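The values are calculated or read from the model by the stated rules, or taken from the named source; none is laboratory data. This one's a predicted model, so the numbers in the text were calculated from it and none came from an experiment. As a convention, Cβ positions derive from the backbone with ideal geometry for all residues, glycine included, and neighbour counts pool all protein chains shown.
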Amino acid sequence: MAPHHQQRALLLFPLVFLLLLLAPPLAGAWGKEGHIMVCKIAEKYLSEKAAAAVQALLPESAGGELCTVCPWADQVRWHYHWASPLHYANTPQVCNFKYSRDCHNSRGQQGMCVVGAINNYTDQLYSYGQKTSYNLTESLMFLAHFVGDVHQPLHVGFQDDEGGNTITVHWYRRKANLHHVWDVSIIDTAIKDFYNKSMDTMVEALKMNLTDGWSDDIVHWENCKNKHATCANDYAIESIHYSCNYAYKDVEQDITLGDDYFFSRYPIVEKRLAQAGIRLALVLNRIFGGGEADDIPLQVQ
Ligand SMILES: [Zn+2]
């Protein structure tokens, strides 16, 4: 390398580094914390059989805790490129979800969306205990993640704005996009303002609400009309409704979202985190329950 090239490379290096720092956050899913909270709630409601199967499938690095692997699918998103469309579904700017219309990737392959993924990984996990060619550890890690994602309302949003990713907003004084506000910002602000900056305190509050305020609702959360492999189709229908009625409502490009938006939306976020946790436990209890878990209501372990 000629000396002036070296100089240029040296100059470029900090510039590239700076650009990386300035790059907007990647469109993900519930942020890391959202996924961890969903799985911490689910762990509490696993049946003995399901808990044992989960333990057997978890990678050693998980230290025996499901919640540690729940953000994994986002971390491998750019490596497992084919899996990128499995985190969400988009509708053609309408407030309903139709599997046949909306569950596909950009090449039109059916089933390549979050609902198809939940059904698919559930199917794979049913082969647990038999000879199987699936990597069931990965199936479990994907399933636990996607059940979280389908409950983030904007993971079933509009095609045109990519689930709010192209809607630039200010979250209080920080620049963000609407999708990120629902993945991360509302949760962060709640943890900071209500839970003494502790995610664990927030999880405890959600768990308490499940045995108290929401306890009558849980039986409804367990049911669904469209029970093929799973109820994921219904969860997606709920999400697009929440997107229209809460996430997108009264939002336009470059708007500043503050207390009014936060206080009216964070109860939805908390409810969706809790629902995702309950339903993940339900799916896993069904899969690993040996056919008997269907009629057994969720018990706190
Ligand atoms: Zn995701």
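Some observations on this one:
- Of the residues making up the stretch 100-118, those that are over 23 Å from L284 (Cα atoms) and either in a strand (DSSP E or B) or more than 16 Å from the ligand (Cβ to nearest atom) (or both) number 9.
- From the options D250, D260, residue that is without any contact (Cβ under 8 Å) to a residue 24 or more places away in the chain, surrounded by fewer than 19 Cβ atoms within 10 Å (Cβ to Cβ) and either touching an Asp or Glu at 6+ places or on another chain (Cβ under 6 Å) or outside any helix (DSSP H, G or I) (or both): D250
- Qualifying position, being surrounded by fewer than 18 Cβ atoms within 10 Å (Cβ to Cβ) and touching a Lys or Arg at 6+ places or on another chain (Cβ under 8 Å), among E222, E204: E222
- Unique match (being closer than 19 Å to D259 by Cα, within 16 Å of the ligand (Cβ to nearest atom) and at pLDDT 95 or above) among V184, V169: V184
- Close pairs from the stretch 30-41: first touching a residue at least 60 places away in the same chain (Cβ under 8 Å), partner more than 13 Å from the ligand (Cβ to nearest atom) and among the polar types (S, T, N, Q), Cβ under 8 Å, at least 6 apart: I36/T68
- Considering the stretch 125-158, the residues that are more than 19 Å from A62 (Cβ to Cβ) and part of a loop (DSSP other than H, G, I, E, B) include one that is farthest from the ligand (Cβ to nearest atom), namely K131.
- Where a residue in the stretch 135-160 is in contact (Cβ under 8 Å) with a residue 24 or more places away in the chain and farther than 10 Å from N90 by Cβ and its partner, wherever it lies, is within 11 Å of the ligand (Cβ to nearest atom) and aromatic (F, W, Y), with Cβ under 7 Å and at least six apart: M141/W72; H145/W72; G148/W30; D149/W30; D149/Y88; Q152/W30
- When the residues of the stretch 45-62 are filtered to those that are free of Cβ contacts under 8 Å to residues at least 60 places away in the same chain and of a type in the set (G, A, S), the one that is farthest from the ligand (Cβ to nearest atom) is A56.
- V114 vs. criteria in contact with a helix residue (DSSP H, G or I) (Cβ under 6 Å, 6 or more places away or on another chain) and closer than 23 Å to M37 by Cβ: yes
- Looking across the stretch 64-95, the residues that are farther than 25 Å from T132 by Cβ and loosely packed, with under 13 Cβ neighbours inside 10 Å come down to W78, P92, Q93.
- Within the set S47, S61, S106, the sole residue that is in contact with a Pro (Cβ under 8 Å, 6 or more places away or on another chain) and among the hydroxyl-bearing types (S, T, Y) turns out to be S106.
- Identity of the residue in the stretch 192-215, in a loop (DSSP other than H, G, I, E, B) and closer than 23 Å to L284 by Cβ, that ends up nearest to the chain's Cα centre (by Cα): W214
- Of the listed requirements (1) out of contact with any Cys (no Cβ under 9 Å at 6 or more places or on another chain); (2) part of a strand (DSSP E or B); (3) within 16 Å of the ligand (Cβ to nearest atom), Y121 misses just one: (2).
- From the list W221, W182, the lone residue that is touching a Pro at 6+ places or on another chain (Cβ under 7 Å), in contact (Cβ under 8 Å) with a residue 40 or more places away in the chain and closer than 27 Å to Y248 by Cα is W182.
Residue-wise test of (1) free of Cβ contacts under 8 Å to residues at least 12 places away in the same chain; (2) acidic (D, E); (3) more than 13 Å from the ligand (Cβ to nearest atom).
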position: G64; (1), (2), (3): yes, no, yes
position: A73; (1), (2), (3): no, no, no
position: V76; (1), (2), (3): yes, no, no
position: H81; (1), (2), (3): yes, no, yes
position: H87; (1), (2), (3): no, no, no
